[in-house]
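Report on one structure; see the data block that follows.
The values are calculated or read from the model by the stated rules, or taken from the named source; none is laboratory data. No experiment lies behind these values; they were computed from the predicted model shown. Glycine gets a Cβ as well: all are built from the backbone with ideal geometry, and neighbour counts include every protein chain shown. Ligands, DNA and RNA are stripped out before the accessible areas are found, and what is left, the full protein with its side chains, is counted by its heavy atoms. Shrake-Rupley method; radii C 1.70, N 1.55, O 1.52, S 1.80 Å.
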Amino acid sequence: MASIKDVLQGADWKLEKHVPVIEIQGAPKKAEQVKVSVSVGKEIPHPNTTEHHISWIEVYFLPKGEKFPYQLARFEFGSHGASTQGPNTSTVYTQPQVALSFKTDKSGIILACSYCNIHGLWENSRELIVE
Ligand code: FE
């Protein structure tokens with residue numbers, strides 16, 4: 001019996017950056033929007049080709065002391081160079097870099113998961129303090 005958590009990778013691997021980097025803008029306060037950005041390949045770009053790319057990012061929020069996370073967003077990256085002319089011919093490539101905002105009165109942990117079509121699942125997390 002295997003589990004998703006057995007195949008989730010959290011540390012950088014070789015020179016590629018698969019880990020979704022989570023950034024929180026400012027110092028969030030209750031009743032205000034928490035602005036979050038998530039990107040893969042922030043320092044060393046991840047390849048973005050028809051054959052090798054980031055397919056999606058999901059973002060969750062786990063309030064402090066709670067058991068179940070809330071899914072905040074799911075972003076699908078649909079263009080990776082393919083066209084009717086073949087792989088890597090369209091010149092259109094979606095960048096795995098997203099921004100979202102949400103509201104909460106609670107502090108907790110923001111979790112992100114990303115998926116590379118050939119290197120699998122990667123995760124990261126960041127503490128959110130709401131004052
Ligand atoms: Fe990869």
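Some points to look at:
- The residues on offer are 44, 57, and the sole one that is modelled with pLDDT under 95 and within 16 Å of the ligand (Cβ to nearest atom) is 44.
Per-residue answers, yes or no, for (1) among the aliphatic types (A, V, I, L, M); (2) closer than 13 Å to residue 124 by Cβ; (3) touching a helix residue (DSSP H, G or I) at 6+ places or on another chain (Cβ under 9 Å):
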{"position": "1", "(1), (2), (3)": "yes, no, no"}
{"position": "24", "(1), (2), (3)": "yes, yes, no"}
{"position": "27", "(1), (2), (3)": "yes, no, no"}
{"position": "30", "(1), (2), (3)": "no, no, no"}
{"position": "36", "(1), (2), (3)": "yes, yes, no"}
{"position": "53", "(1), (2), (3)": "no, no, no"}
{"position": "58", "(1), (2), (3)": "no, yes, no"}
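- Residue in segment 1-60 that is surrounded by the fewest Cβ atoms within 10 Å (Cβ to Cβ), counting only those that are touching a Leu at 6+ places or on another chain (Cβ under 7 Å) and closer than 14 Å to residue 114 by Cα: 7
- Restricting segment 118-131 to residues that are open to solvent by 50 Å² or more (accessible area, probe 1.4 Å) and of a type outside the set (A, V, I, L, M), the residue that is farthest from residue 57 (Cα to Cα): 131
- Segment 80-131 - residue that is assigned to a loop (DSSP other than H, G, I, E, B) and among the small types (Gly, Ala, Ser) and, of those, farthest from the ligand (Cβ to nearest atom): 107
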